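Novice: Here's a structure for you.
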Amino acid sequence: NDIFVFNSALGNGNVDRITDFNPSQNKIHLDDAVFTGLKLGGLSSDAFFAGRAAHDSSDHIIYNSSTGALSFDSDGTGGAAQTQFATLSSHPSLTADSFFVT
């Protein structure tokens, strides 16, 4: 079982690549100091959206399974742009259960 920890500042030059993520065995941990606005503990299903972009204001973790892009959007459908922080090379099926906020 692997845990992938994201605790570095977000930015265009800081996109990690995960090549071997297995949703049944692995978790992605998000540092609440970086991923602001997320509640500690398991990621709520309201805060996760699988698609190209947020579809409402509560969507903060966006996963595009077509490209493997994993992004953070601080305000969902508001004016702030989403920032990609990882690419999952194998394009696994992710849900909110794949994440934990620390």
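FYI, it's all coordinate maths here, none of it is from the lab. Source: prediction; values computed, not measured. Neighbour counts run over all protein chains shown; Cβ positions are idealised from the backbone, glycine included.
Novice: Placing unit charges on C-beta atoms (Lys and Arg positive, Asp and Glu negative, everything else neutral), compute the dipole magnitude of the range 9-58 about its Cα centre in debye, rounded to 20.
Specialist: Dipole magnitude for the range 9-58 comes out near 80 debye.
Novice: Also, quick follow-up: Using 0.36 nm per residue, how much length does the chain from Ile3 to Asp56 gain when fully extended, once their Cα-Cα distance is taken away?
Specialist: Value of the extension gain: 16.3 nm.
Novice: If you work out P(r) over Cα pairs in 5 Å bins from 0, in percent from the coordinates, which of (1) 2, 11, 22, 24, 17, 10, 6, 4, 2, 1; (2) 3, 14, 26, 30, 21, 6, 1, 0; (3) 2, 13, 25, 26, 18, 9, 4, 1, 1, 0 do you get?
Specialist: So the calculated entry is the one marked (2).
Novice: Right, something else. According to a simple spin-label model (label point 7 Å from Cα along Cα-to-Cβ), what is the distance in nm between Asp32 and His91?
Specialist: About 3.5 nm, to one decimal.
Novice: Could you check the simple spin-label distance between Leu10 and Ala80, using points 7 Å along Cα→Cβ, in nm with one decimal?
Specialist: My value for the distance between the label points is 0.7 nm.
Novice: Work from the charge dipole of the range 3-101 (Cβ charges, +1 for Lys and Arg, -1 for Asp and Glu, about the Cα centre) and give the residue of Ser44, Gly76, Val15 farthest towards its positive end.
Specialist: Projecting each Cα onto the dipole axis, the largest value belongs to Val15.
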